[in-house]
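Asker: Below is a structure I'd like to ask you about.
Derivation of every value follows stated rules applied to the coordinates shown; laboratory data play no part. This one's a predicted model, so the numbers in the text were calculated from it and none came from an experiment. Here Cβ is always computed from backbone atoms with ideal geometry, including for glycine, and neighbour counts include all displayed protein chains.
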Amino acid sequence: METTTRNAPERKNVQGLILKGYTHPYSCHLLFQLPGSTQSPGSTPTELSQQQTFFKALYSHVQSAEDWGVYKPVSMLNIGLTFNGISKLDPAIIRQQDLQRFPVTFREGPASGGSQQSLGDNAGKNNKSNPQNWWNGQGDAVTNNLDCIVHIYSLTEEDLEILIAYVLDAAKTNGLTEFIPLLPAIKNGRLYQSIVDKDPAKIHFGYTDGISEPSLKPSEGTPSAESNNNFVIGYPQDALTVPGPTGEDTASIFAKDGCYNGFRVIHQDVAAFNRFLKNPTTDPAVMQQLQQLKLETSLEEWLAAKMCGRWRNGSPLMLSPDKPAHETSHEENFNYSVTDASGHKDDITSSLRCPFSAHTRVANPRDQQMVAAEGTFVPRIVRRGVPYGPTMDDQVVVDDGQDRGLIGLFLCGDLAGQFEKIYGWMNNNNFSGKEIFSVRKPPQDALLGDKTAANSDAFPGTVTSFIIPVDANNKITIPTLPNFLVTRGTAYCLLPSMETLGRMAGV
Amino acid sequence: MASPLTMYVQIKQDAVSQELAEKAVANFTQGVQAGLDAAEIVHYATLALVPNPATTPGTPASGYMGLLLMTDFDLAMNPYLETFWNAGGGIKTAIQGIALIAYNPVPPINTLTDFQNFINSVNLTPAPTSGNWTNFYQAYNLTVKQINAD
Ligand code: HEM
């Protein structure tokens, strides 16, 4: 048990996924129920021993954030536990009475009323993303019983299968139940990473992902939302979002050097997206406005960029407003505001390049001015998601019935203050003043906003139109954006420290 | 989006706690006004003393059983409890003060997690898992900002 006070986590005690973006092209994410009970008197000695044997079998494969030198591990894994899973563990590791020290958002989980206020899956009429439909229609039966997610990564398909087989065998031998999250007919219904367009950096819809991330540097005495103190639990110094729990109780000791994962499987309707780009509106006047634009790219590429804030090659609109440029394709150093000599801050003009409701501008508004309720800083999130399902060509406009989308891993130290706050913004662009968003009819994130949830009680007045300013006096308003996404399932996990995993494994 | 918060905290019966509860109510508006005005998401907030039951029917009761905070604010509860925590001044102090005189021991409220956990543990109107609240009426679902918009 750690007793000395350090200002920054030790990399060797933090699971690798948290501080490193792996580039392994193959991965699979397995969902399990542990043997045991969350109800008093808790798990039986046999169940506790089964849990321990399972974690012991996996422990030597768990990758920490320590530098792996020149040779990447061929295959490796990371482990996350839901609150339900943690509640089944040995009271010698975490006492029952300390469980309530975990943040309420983590304890109650993503299907809870509190979380749904931001995620919006159950908002609006007949929302396909409703938690009851998650996990291929299994809903609460999985959400309420999911204890553990094992994230397996590999350099080759063959090595991935070897490690999957090993984990499944350890699970079976030790009384774990595997949940099958997708349609069982395809790849056994498991969450396998896929490679889109033969390029591991691409995701469905054709965008390049994994560019803009918080620095995750150790704190250097200056408060920042980007340092690893905002993500790794136990180092409140200089963190703006303070991860919890912290203290001397067994929950805080268990959580220290861990990080939360908003695990969210999102189906992407690529055919609907392609259709939209080709035919963005049925309003002839708006279509004419679009066609009259003097563009350096096709209208489709231009629209795709305006919705995201980056061209599909990755170039940010703020740096490459007219066409994608190789030099800017991995650039993350830009802002949305300019302050003039008299101190006046202008964050409106930048919308001529990047619309206010472009996904990347909503998910990280950088220096854009915020309304008072949002506080004084923009929360950040670490993204470690990968695509699943087969590539669909950008010319296809009829759905092929295959499931494809994003296996989203959104890492944070405070699920409410980072993951859910950003989600709320995506569903309802109300975080900046009225010069930027309409107060009465706020828009949504063009890509991520749940259009079914618009103008529900959860997000009153919200509209599904998309405003694209084109010059100082003109803007084009696409009247209605369709839904491109459906939530397939969500889980809140803690990725515990290596030390905690070691205790769970009895090593 | 509205987040109704109906926070009931049973309080200790000793004279000091009872007096502190009276003071909390007397100074409530003054203490929270600036923070709540600035946040522009709170529709109303009221703090009331809940009297002890009378020992015999018809006789006046003495003292207070608890404190009841009723408020309704825009946006999701958990991310925006952070707004009140960080707003500084009156709100944080008021909640910490209430926790100190709570009859049931409350772990110290030193961090945002402690604050969120405490509020949720005493909220009698948590968000329902599906659909709308069955015990919360709103004449309108607009936000404070929407109501105040030109
Ligand atoms: C299928 C769903 C999604 C798609 C297609 C998508 C797509 C993208 C793309 C193409 C980028 C730009 C590449 C980059 O900066 O790395 C991006 C950035 C980003 N996304 Fe998403 N995303 C999705 C879901 C989400 C969700 C659920 C969240 C939040 C919980 C999110 C938060 C972010 C953030 C914070 C950035 C970085 C913005 C910046 O720092 O400039 N994304 N996303």
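Asker: Do any trypsin sites (Lys or Arg not before Pro) in the stretch A:84-124 lie in a DSSP loop with no more than 16 other beta carbon atoms within 10 Å, and if so, which?
Answerer: Answer by residue number: A:Arg95.
Asker: Another question about this same structure. For the stretch A:188-214 and the stretch A:423-471, what is the separation of their Cα centres, given in Å?
Answerer: Going from one Cα centre to the other spans 26 Å.
Asker: Something else: Provide a whole-number value for the mean count of partner chain Cβ atoms within 10 Å of the Cβ atoms in peptide A:199-212.
Answerer: 0
Asker: Quick one: A:Tyr192, A:Tyr388, A:Tyr153, fewest Cβ neighbours within 10 Å first, how do they rank?
Answerer: In increasing order of surrounding Cβ atoms, one gets A:Tyr192, A:Tyr153, A:Tyr388.
Asker: Taking the Cα atoms of the stretch A:231-316, report the difference between the largest and smallest coordinate on each principal axis, in whole Å and largest first.
Answerer: Here the Cα extents, ordered largest to smallest, are 65, 27, 23 Å.
Asker: Using the Kirkwood radius built from alpha carbon pairs, what does the Stokes-Einstein equation give as D for chain A at 20 °C and 1.002 mPa s, in µm² per second?
Answerer: Estimated via Stokes-Einstein, D reaches 91 µm²/s.
Asker: Shifting gears a bit: Three principal axis extents, largest first, for the C-alpha atoms of chain B, in Å?
Answerer: Sorted largest first, the three principal extents are 52, 34, 31 Å.
Asker: Also: Can you work out the Karplus-derived ³J(HN,Hα) for every residue in the stretch A:235-246? Use 6.51 cos²θ - 1.76 cosθ + 1.60 with θ = phi - 60°, whole Hz, and x for glycine or proline.
Answerer: Residue by residue, the stretch A:235-246 yields 10, x, 4, 6, 7, 8, 9, 9, x, x, x, 10 Hz.
Asker: First measure r as the distance between the Cβ atoms of A:Met287 and A:Gln395, then evaluate 1/(1 + (r/R0)^6) with R0 = 22 Å and state the FRET efficiency to the nearest 0.05.
Answerer: FRET efficiency, A:Met287 to A:Gln395: 0.65.
Asker: Moving to a separate point now. Using just the C-alpha positions of the stretch A:145-188 as equal point scatterers, what log10 of I(q)/I(0) does the Debye formula give at each q in 0.18, 0.19, 0.34 1/Å?
Answerer: Cα-only, vacuum Debye calculation for the stretch A:145-188: -0.64, -0.71, -1.17.
Asker: Give me the Debye-computed log₁₀ of I(q)/I(0) at q = 0.10, 0.18, 0.19, 0.21 Å⁻¹ for the stretch A:360-506, equal point scatterers on Cα only, no solvent, two decimals.
Answerer: Relative scattering, expressed as log10 I(q)/I(0), comes to -0.47, -1.22, -1.30, -1.43.
Asker: Please report, largest first and rounded to whole Å, the three semi-axes of the ellipsoid equivalent to the stretch A:225-264, where each semi-axis is the square root of five times an eigenvalue of the C-alpha gyration tensor.
Answerer: Calculated on Cα positions only, the semi-axes equal 16, 14, 7 Å.
Asker: Sequence gap at least 6, Cα distance under 8 Å: using those rules, report the relative contact order of chain A to the nearest whole percent.
Answerer: RCO, chain A: 23 percent.
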